[in-house]
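This report refers to the structure that appears directly beneath it.
The values are calculated or read from the model by the stated rules, or taken from the named source; none is laboratory data. If you're wondering where the values come from, they're calculated on a predicted model, not measured in any experiment. All Cβ positions, even for glycine, are placed from backbone atoms using ideal geometry, and neighbour counts span all protein chains on display.
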Amino acid sequence: MAVRQAIFRPSCADKWANCPFYAYKLYQAAKEPHSRLQTDLNPAAGKAAEIGTAKHEAVAQWLISRGRDSGRLSFFTPAERRCIQLAFERYIAPHITANQFYVELSLPRVKTPQRRAVSRYVDLGGTMDFIGFAGGELLLLDWKFGKVSVSPVMNEQLSCYLELAAESIPAGRTMSSVKLVIVQPNAGNGEERIKESGLYWPAERYKHAIRAAKKAYKAGEPPAACEGAHCAFCPLKNAGICPLSIFAGLAEMTA
């Protein structure tokens, strides 16, 4: 079954869950696919992003081999390989060897250890790096290859993935606990590179943000922008579309 491209993706949940204006523009871009917004919201990926994508793919292929094809990790640094292998042994290996939910449902259907979780809300969807479920515990693991440290505690992206993954648990199985893990081989030292948490945002936060964006679009009334840490690397600010941007207004003048 084909998977629809989601309007609201977990990868940028920190922005659309915290800024009503960003959520509004995401929905507007989906409703107006030929507008300039599509380009503004999805600027060309830089070299760092391309390298990160290549590393994610390499790790995905390595996991398909159950960690046996060491050649897949050949272009990683020794430190990166040690961190990846430690995370594999600590979190992933037990699921691959003993967890039938992961082995039977994820690999044959998707042909990759990345399980695509699709919400019953068609606006929301994304692909998690690893989902495991065993003994009532739902495990979500995310690889990050940048140098800026990211915490899994109340992490918007992982919390959003949790809402999606919880819907994929087979009927009759009960989720009693959650473990969110971020693995960052290039951030911090030693144990700081692998962090876990059981704290997350409730699903209603994301549902409310999506509902509000739809309502504002139908009313033709763009909501106010909210400033915060989520503004970092915001494509709307860089494009001069966000009212909080120092370039605000220039986009319309030069369009």
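Among the listed residues 13, 58, 48, identify the single one that is in a helix (DSSP H, G or I), loosely packed, with under 12 Cβ neighbours inside 10 Å, under 18 Å from the mean Cα position of the chain (by Cα) and not acidic (Asp, Glu).
The unique qualifying residue is 48.
For the range 61-99, name all the residues that are assigned to a helix (DSSP H, G or I) and either aromatic (Phe, Trp, Tyr) or surrounded by fewer than 12 Cβ atoms within 10 Å (Cβ to Cβ) (or both).
62, 70, 71, 78, 88, 89, 91, 97
Quick check: anything in the range 170-178 within 14 Å of residue 10 (Cβ to Cβ) and either modelled with pLDDT of 95 or more or buried (at least 16 other Cβ atoms within 10 Å of the Cβ) (or both)?
The answer is no; no qualifying residue exists.
Kindly list the number of the only condition in (1) under 27 Å from residue 163 (Cα atoms); (2) part of a helix (DSSP H, G or I); (3) of a type in the set (S, T, N, Q) that fails for residue 39.
(1)
Got a number for residues in the range 16-45 being crowded, with 21+ Cβ neighbours inside 10 Å, small (Gly, Ala, Ser) and within 25 Å of residue 143 (Cβ to Cβ)?
1
Within the range 230-238, is even one residue in a strand (DSSP E or B), of a type outside the set (S, T, N, Q) and out of contact with any helix residue (DSSP H, G or I) (no Cβ under 8 Å at 6 or more places or on another chain)?
No, the conditions are met nowhere in the range 230-238.
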